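Asks: Got a structure for you, written out below as structure tokens; questions coming shortly.
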């Protein structure tokens, strides 16, 4: 999957060093619910386990051919939100040097198109920590609306005790 500036592609073992470079930043992971990576080996293990999926992609910047974040979705039974069987929860993060450049919005719009038009999901869900309002703004720009629900995400490695705001986007 691609857009003008990015390519959403499978993660590769050789991405481990770059993943570590960005995922070790203490400002990145905690905003998404995971602890900063401690080594290249840890990043490689995450690529081989958590990111080794047909619905999790590296966000590659075409200009540099470097993975600068992650975009994906979780299906019924995998989600932190109580979603329906024909729904998905989307999630993403982008490295700090690429914040406020519209890259997350561009990637999420492409993922939304894929989820609705190729996968046939009826409703997409997302959540964000209130202390990370930029993530909520990305969701709003892409058509998500606040459900008013607050959730605690038991599957998060970091922040399972912190509330998240639940967002929703229904297929037209």
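The values are calculated or read from the model by the stated rules, or taken from the named source; none is laboratory data. Source: prediction; values computed, not measured. Cβ sites come from the backbone with ideal geometry, for glycine too, and all protein chains shown count toward neighbours.
Asks: Starting from residues that are touching a helix residue (DSSP H, G or I) at 6+ places or on another chain (Cβ under 8 Å) and not in a helix (DSSP H, G or I), keep the ones in the range 35-56 and report whichever is farthest from residue 76 (Cα to Cα).
Replies: For the range 35-56, the residue satisfying everything is 39.
Asks: Right, here's the next one. Only one of these is surrounded by fewer than 22 Cβ atoms within 10 Å (Cβ to Cβ) and without any contact (Cβ under 8 Å) to a residue 12 or more places away in the chain: 133, 97. Name it.
Replies: Being surrounded by fewer than 22 Cβ atoms within 10 Å (Cβ to Cβ) and without any contact (Cβ under 8 Å) to a residue 12 or more places away in the chain holds for just one of 133, 97, which is 133.
Asks: Right, next: Determine which member of the set 164, 90 is at pLDDT 95 or above and either closer than 29 Å to residue 18 by Cα or not in a strand (DSSP E or B) (or both).
Replies: 90
Asks: Return the only residue of 17, 60 being farther than 26 Å from residue 168 by Cβ and part of a helix (DSSP H, G or I).
Replies: Of 17, 60, the one residue that is farther than 26 Å from residue 168 by Cβ and part of a helix (DSSP H, G or I) is 17.
Asks: Continuing with this model, one more query. Of the conditions (1) in contact with a helix residue (DSSP H, G or I) (Cβ under 6 Å, 6 or more places away or on another chain); (2) at positive phi, residue 102 fails just one. Which one is it?
Replies: (1)
Asks: In the range 108-130, what residues are part of a helix (DSSP H, G or I), in contact with a helix residue (DSSP H, G or I) (Cβ under 9 Å, 6 or more places away or on another chain) and buried (at least 17 other Cβ atoms within 10 Å of the Cβ)?
Replies: Scanning the range 108-130 gives a single hit, 108.
Asks: Can you go through 102, 77 and tell me which one is free of Cβ contacts under 8 Å to residues at least 12 places away in the same chain, within 15 Å of the chain's Cα centre (by Cα) and closer than 30 Å to residue 12 by Cβ?
Replies: Exactly one residue qualifies, and that residue is 102.
Asks: Also, quick follow-up: Quick one: residue 8 ticks every box in (1) outside any loop (DSSP other than H, G, I, E, B); (2) in contact (Cβ under 8 Å) with a residue 24 or more places away in the chain; (3) farther than 23 Å from residue 132 by Cβ except a single one, so which number is it?
Replies: It fails just one condition, (3).
Asks: Here is a further query. For the range 9-30, what are the residues that are within 22 Å of residue 111 (Cα to Cα) and surrounded by fewer than 19 Cβ atoms within 10 Å (Cβ to Cβ)?
Replies: Across the range 9-30, the qualifying residues are 9, 10, 12.
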